[in-house]
Structure formats: structure tokens, C-alpha cells
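The values are calculated or read from the model by the stated rules, or taken from the named source; none is laboratory data. This is a predicted model, so every value here is computed, not measured. In this analysis, Cβ positions are derived from the backbone assuming ideal geometry, glycine residues included, and neighbour counts consider all displayed protein chains.
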């Protein structure tokens with residue numbers, strides 16, 4: 001049973017996903033048959049959605065959306081899921097952000113993220129958290145803040161320097177390989193956990209790593225409190241300043257049904273497993289198992 005004394009605030013992107021998927025392999029210039037699906041997504045929203053579906057009652061989304069049909073659809077779905085939206089910033093003169101991806105049987109081929117609202121209004125997105133409008137519980141173990149790497153570099157740096165968040169459990173989601181470098185300010189925080197893949201860790205550190213254990217261990221050497229690094233079908237490693245590195249091999253994926261949002265799903269599942277007081281190794285294993293099933297499910 002999920003405890004109800006956890007308050008989780010997730011700040012970042014909520015947008016409209018359009019995903020094209022083909023069971024065929026796609027090469028440059030190909031025109032193939034497949035499916036196209038439009039739905040609500042974004043790193044922060046995806047994480048909130050899974051947390052809310054797990055039964056957590058105090059999940060709040062901080063984001064920026066347009067005052068348009070898509071923005072209202074996001075608010076409506078959040079309401080249905082029980083996600084708190086009281087402090088979402090609505091941009092009256094802007095369209096809601098969007099994401100376009102092409103996937104095939106081997107995974108993601110290419111994607112374009114139009115997250116202009118999240119980047120332009122990043123400071124406004126975080127303002128309710130910084131000025132106390134979002135009330136935090138007194139119990140340190142009950143306050144968890146998830147930060148999406150889609151926020152602007154300046155805002156991410158400001159968050160990392162905010163001493164009022166020093167006692168919070170900060171979880172940082174790397175949004176993409178191209179944006180991984182934005183997470184550098186968090187490397188000095190012992191209360192922060194970064195979730196990323198090996199390629200993102202390499203971009204963040206400016207180095208090449210042999211495996212996830214080496215990558216996650218190096219992130220700790222930079223001052224980070226905890227690093228959870230994935231590498232596709234290869235080992236996942238959870239390294240922390242509080243315990244020895246934990247490595248597990250994820251289940252083999254039989255066939256790829258879709259991959260967009262898999263990292264967000266993994267992060268949410270891992271957090272839920274921790275709240276349910278699974279051991280560190282079991283939390284990692286169960287999150288990997290759940291994510292493998294997610295990837296196998298057709299769009």
C-alpha cells in the first residue's frame with residue numbers, strides 16, 4: 001500500500017506528443033506504413049502521470065502551457081488523474097509545447113522537441129516552489145522534488161544554488177543527450193540523484209565510459225549524491241555515496257513497440273518502488289522489468 005504522506009512536486013515539460021511508429025526499419029528518405037498517435041506527454045507530465053496512477057495522492061505538476069485547446073486538454077487529463085495543477089503557468093499568447101518523434105522496430109530514429117514555453121518561462125514555472133506557494137511537508141523523507149532537464153540552463157543553475165532545497169530529495173531527469181550538459185550544476189549536490197543513460201553521462205562529463213558502473217561512479221566523484229545510469233539492454237547501475245554500487249541486467253526486450261517516454265516511466269517506477277520500501281536492488285530490478293514491458297507494448 002502506497003503511503004499518503006509523500007508530497008512530490010515535478011517541474012518541467014507537459015506537451016502534446018505526436019509519435020510515428022513503423023514495424024519496418026526506417027532509413028533516411030523512406031516512406032513507410034505505420035501508425036501515428038497524438039497524446040499528452042512531456043518528461044514532467046509522464047512522470048506525474050505514472051506516480052498518480054500508482055495511487056500517490058499528493059503529486060503536483062509545475063509547467064507552462066498555452067491558453068489553447070491543447071493546454072486545456074493537459075489540465076483536464078491532470079484533473080482526471082488527480083494531479084495537482086494549482087500552480088501551472090498559463091501563457092495567454094503562446095501555443096502549448098509539442099514533441100514529434102519517428103520510431104521503428106529498432107527504437108527512436110529522430111525527434112524534434114518544441115519546448116519554447118518551458119524554456120522561456122522556466123523561472124515562472126519554479127516560482128511557486130521558490131516562494132513557498134507550494135507548501136512542503138516538515139518530514140524530510142516526505143518531500144521529493146523532480147526536475148526535468150528541459151528547463152532552461154539558467155533556471156537549472158538557479159535551482160542547484162537554492163539553499164532552501166538543500167534538505168529536499170532532488171531527482172533530476174536528463175531530458176536528452178543534447179541537453180545533458182544542463183545538469184552540470186547539480187553535480188556538486190549530495191542531496192541530488194541524476195537519472196540518465198550512459199551517453200548522456202558522457203556528454204555531461206565530457207568523457208567516454210566503459211560501462212554504467214564507471215559512469216555512475218565518476219558522477220559521484222564530481223560531488224553528486226547518487227547516480228542511476230542505464231545503457232539500453234546492458235547493465236543498469238545505481239551508485240550512491242551511502243552504499244556500494246548496485247548493478248543489474250534488465251530483462252531482454254522481445255520486440256520494440258514504442259520507446260518514447262520509457263526513461264520517464266523508469267524513473268517514476270523506481271521512485272514508487274522506493275516509496276514502497278523495496279530494497280535498493282529490488283527497486284532497480286522491478287523498475288527495469290516494468291520498463292521492459294512498457295517498451296514491448298505497441299503504441
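Annotations
- Condition met for residue 167 (modelled with pLDDT of 95 or more and in a loop (DSSP other than H, G, I, E, B)): no
- Checklist (1) part of a helix (DSSP H, G or I); (2) in contact with a helix residue (DSSP H, G or I) (Cβ under 8 Å, 6 or more places away or on another chain); (3) buried (at least 17 other Cβ atoms within 10 Å of the Cβ) applied to residue 227, failing item: (1)
- Residue check, residue 284 assigned to a helix (DSSP H, G or I), closer than 23 Å to residue 44 by Cβ, touching a strand residue (DSSP E or B) at 6+ places or on another chain (Cβ under 6 Å) and in contact (Cβ under 8 Å) with a residue 60 or more places away in the chain: no
- Within the set 233, 192, the sole residue that is under 24 Å from residue 180 (Cα atoms) and modelled with pLDDT under 95 turns out to be 233.
- Any chance residue 112 is part of a strand (DSSP E or B), surrounded by fewer than 19 Cβ atoms within 10 Å (Cβ to Cβ) and modelled with pLDDT of 90 or more: yes
- Residue ranges of strands (runs of 3 or more DSSP E) in the range 1-93 with at least 2 members more than 18 Å from residue 265 (Cβ to Cβ) and out of contact with any helix residue (DSSP H, G or I) (no Cβ under 7 Å at 6 or more places or on another chain): 15-21, 35-41
- A residue that is more than 17 Å from the chain's Cα centre (by Cα) and closer than 24 Å to residue 277 by Cα occurs somewhere in the range 222-229.
- Flag for residue 201 being without any contact (Cβ under 8 Å) to a residue 40 or more places away in the chain, buried (at least 24 other Cβ atoms within 10 Å of the Cβ) and in a helix (DSSP H, G or I): yes
- Take the conditions (1) within 23 Å of residue 206 (Cβ to Cβ); (2) surrounded by fewer than 19 Cβ atoms within 10 Å (Cβ to Cβ); residue 242 misses just one of them, which is (1).
- Contact map, the range 55-78: residues that are at positive phi and surrounded by fewer than 16 Cβ atoms within 10 Å (Cβ to Cβ) paired with residues that are modelled with pLDDT under 95 and not in a helix (DSSP H, G or I), Cβ distance under 7 Å, separation 6+ or inter-chain. Pairs shown: 55/2.
- Filter pass, residue 100 being surrounded by fewer than 18 Cβ atoms within 10 Å (Cβ to Cβ) and either assigned to a strand (DSSP E or B) or in contact with a helix residue (DSSP H, G or I) (Cβ under 6 Å, 6 or more places away or on another chain) (or both): yes
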